[in-house]
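The values are calculated or read from the model by the stated rules, or taken from the named source; none is laboratory data. Keep in mind that this is a model prediction, so the values were computed, not measured. Ideal geometry is used to build each Cβ from the backbone, glycine not excepted, and the neighbour counts take in all protein chains shown. SASA here: full protein model, heavy atoms, side chains in, ligands and nucleic acids out. Shrake-Rupley method; radii C 1.70, N 1.55, O 1.52, S 1.80 Å.
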Amino acid sequence: MGRTGSMNPRAVVIATGDELVRGECQETNGFFLARELFREGFTLVRTVIVGDAIEPFVDEVRRALPDADLVCISGGLGPTDDDLTRAAVGAALGVAVRESPAAAALVARSLEARGRPYTTLQARQALLPDGCALVPNPTGTAPGFWCRGGGALLVAMPGVPGELRAMW
């Protein structure tokens with residue numbers, strides 16, 4: 001039974017990126033996830049788009065956790081300063097974010113397969129909030145992760161639609 005007593009489990013989708021908020025590219029992951037979640041028997045509570053600012057992102061994660069059985073985050077897992085998903089989830093859960101040796105190995109192998117070096121910048125993709133488990137990315141360099149927050153399962157996936165779909 002879902003959190004509010006309904007028979008269906010409830011889900012929230014959070015997509016992140018200034019490019020989405022500004023309308024520079026179309027947010028398609030929410031549509032894909034809504035369809036997939038419905039197919040799996042979930043009731044979608046809401047889909048939210050947040051920009052690349054840490055506090056509003058943390059607020060949305062905190063807001064989603066008590067409202068849902070599953071929180072899906074798309075985007076913000078790359079190596080740049082505006083990729084804030086790890087930090088936002090860590091802050092929302094009150095845990096540290098640190099390098100995962102398993103994630104570092106996955107990122108290094110993925111970069112090597114593309115003929116690219118494992119740099120300090122790329123190493124940011126190997127950070128995980130404490131208590132989160134790695135989800136390998138079969139088509140890109142940034143792994144996802146999952147963990148429990150409150151009573152909800154939280155899953156973070158890349159924002160590149162092909163990577164998110166392959167990971168799903």
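A few notes on this one:
- Checklist (1) under 14 Å from the mean Cα position of the chain (by Cα); (2) free of Cβ contacts under 8 Å to residues at least 12 places away in the same chain applied to residue 117, failing item: (1)
- Selection of the range 100-119 for residues being open to solvent by 20 Å² or more (accessible area, probe 1.4 Å), touching a Leu at 6+ places or on another chain (Cβ under 9 Å) and part of a helix (DSSP H, G or I) yields 102, 106.
- The range 125-140, residues that are touching a residue at least 40 places away in the same chain (Cβ under 8 Å) and closer than 19 Å to residue 82 by Cβ: 125, 127, 128, 129
- Just one residue in the set 43, 47 is open to solvent by 50 Å² or more (accessible area, probe 1.4 Å), under 26 Å from residue 141 (Cα atoms) and modelled with pLDDT of 95 or more; that residue is 47.
- Residues that are without any contact (Cβ under 8 Å) to a residue 24 or more places away in the chain and more than 14 Å from residue 76 (Cβ to Cβ) were ranked within the range 141-168; the one that is most open to solvent (accessible area, probe 1.4 Å) is 148.
- Screening residue 79 on (1) touching a helix residue (DSSP H, G or I) at 6+ places or on another chain (Cβ under 7 Å); (2) free of Cβ contacts under 8 Å to residues at least 12 places away in the same chain shows it passes everything except condition (2).
- Positions within the range 69-99 being open to solvent by less than 20 Å² (accessible area, probe 1.4 Å) and farther than 20 Å from residue 55 by Cα, in sequence order: 70
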